[in-house]
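Quick note: the coordinates plus some simple rules give every number you see, no bench work behind them. Since we're looking at a predicted model, the values are computed, not measured. Backbone-built Cβ (ideal geometry, glycine too); neighbour counts: all protein chains shown.
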Amino acid sequence: MTKYSFLEKLQGKLQDLPKREVEERINFYSEMIDDRMEEGLSEEEAVTAVGTVEEIAFQISEELRLGNSPKMKKAKRKLRAWEIVLLVLGSPLWVALLLAVFAVVISLYAVLWSVNLCLWAVELPFMLFSLISKGLLFGCTNLTQGSWYLTKNGCSLIKRFFSGKEMKYENEEI
């Protein structure tokens, strides 16, 4: 295949791509073939060494589709006059909608915290009841032991008092 027919076929495969990109790629492969011919290869050998038209077209299409081409970077789009007019005239509508969405988001946030606070308020009495009941149980246990001690020692003190014996305190352990 000659260089001219190779480049024609490649251009035909790339016809759906932007013209500027196609021209740059065609020039690149033309120079590549010329460089190989300068190295001593024949025209057909140089074209064969570059690769098949289908492979190259697929590779170029993929590069452009993925945006790998440095020339394909998109420039920032400027607003046209009629778009600016529509934005200004539609501002009462879109500003109101934007505020409504913001209010809904804030309301949902407040509701979530309110539910959290309510659940905590419901749980608090149960925690207090649990602590109070444990304290009462501990107190009752100590009260029972204390009343037994008073009963035991109180009876002996009353007996001593009425018997007229001198009262002396003994070191007794509980």
Practice problem: Work out the length of the dipole vector of segment 1-122 about its Cα centre, built from +1 on the beta-carbon of each Lys and Arg and -1 on the beta-carbon of each Asp and Glu, and round it to the nearest 20 debye. | Solution: 1300
Quiz item: Between Ser30 and Glu123, 0.36 nm times their residue separation minus their Cα-Cα distance comes to what?
Solution: 25.5 nm
Quiz prompt | Rg over Rh, two decimals, segment 1-113 (C-alpha only, Kirkwood Rh) | solution = 1.40
Quiz item: At Asn116 and Leu79, where each label point lies 7 Å from the Cα along Cα→Cβ, what is the point-to-point distance in nanometres?
Solution: 3.8
